[in-house]
Amino acid sequence: MKKLLSFLILSLSGSALLAQLNFKIIQKDKDSNIVFASFSKPPTDKPEVVLKQLNNCNSCEYRIVRSFSDDMGFVHTSYQQYYNSYKVRYADFVVHTKNNIIEYLNGHYGNIADIENKKLITEDQAKANAIKFIKEKISVGIDIDIKTPGATKVLSFDAIINDKRYRYAYEISTNISKYSIIVISGEDGEILDYESSVCTTNEAGTGATLYSGNRNIVADRVNPTTVRLREVRNNVNVNILNMQGINDFENTGAAVDFIDNDNN
């Protein structure tokens, strides 16, 4: 009864926080998480506070990753979600403001209400598992190095089998471009995800265009839950990047990938 009462109090407090936001448009994903919101009455709180209200997580914080302005006077600021100072993978939002007023926001947040505190494997064990995984995938004789800072503790779900339960994990950077990042479960040492710094697998998908409706596209399947707007065509890597409103096309350092989770 006590647990049920606590759950009801948390649910009511979460609803009360959302009720303070005057939404104009809300879009949710298939798990009922808010992925887009605009406001009929712009919130007066700072973006970090508004983002906390959206996912109702008192132990979460949002840190600025990058910010840029466009020719229309909008400022677009990307925030990464953290939980008790640990980065939450697959959880970031972009807040769009004009004249310091929040116009709309979009992104994904990590639902980590059920995070479990279990005894974790060591960093050395995680690194050893990452190296073992890579050795099983590539040719014999290639040296595998762990890049600085080594193993970083994060929160991640299992992207390999699409199990959305977050758990503590290690994010490990390597010198192997096809497996540049390996994510190891801190609970049992299993592989939760991996990322490539090069185009890996062409995959047909559907893209929504501004003037021509839905069109067939080809994208790069990085891992089971991530595709990006890249492809290999006639043995040439074709990368389509988001310049984030910057018109200096000789300076692509700030460009980022267009990312999606289902290629549709």
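Among (1) closer than 25 Å to residue 178 by Cβ; (2) not assigned by TED's automatic domain parsing to the domain that holds residue 142, which single condition is residue 127 missing?
Unmet for residue 127, out of (1) closer than 25 Å to residue 178 by Cβ; (2) not assigned by TED's automatic domain parsing to the domain that holds residue 142: (2).
Quick check: anything in the range 56-63 modelled with pLDDT of 85 or more, over 26 Å from residue 179 (Cα atoms) and out of contact with any helix residue (DSSP H, G or I) (no Cβ under 8 Å at 6 or more places or on another chain)?
Yes, that holds for at least one residue.
I'd like the full set of residues that are assigned to a loop (DSSP other than H, G, I, E, B) and at negative phi, limited to the range 174-191.
175, 176, 180, 186, 187, 188, 190
Filter the range 126-149 down to residues that are loosely packed, with under 11 Cβ neighbours inside 10 Å and touching a Ser or Thr at 6+ places or on another chain (Cβ under 9 Å), then give me how many there are.
3
Considering the range 139-167 alone, what residues qualify as being under 16 Å from the mean Cα position of the chain (by Cα), in a loop (DSSP other than H, G, I, E, B) and small (Gly, Ala, Ser)?
Passing the criteria: only 159.
So in the range 168-189, with the set limited to residues that are surrounded by fewer than 16 Cβ atoms within 10 Å (Cβ to Cβ) and without any contact (Cβ under 8 Å) to a residue 40 or more places away in the chain, which one is farthest from the chain's Cα centre (by Cα)?
Ranking the qualifying residues of the range 168-189, first place goes to 175.
The values are calculated or read from the model by the stated rules, or taken from the named source; none is laboratory data. Keep in mind that what you see is a predicted model, and the values were worked out from it rather than measured. Using ideal geometry, Cβ is built from the backbone for each residue, glycine included, and neighbour counts are taken over all protein chains shown.
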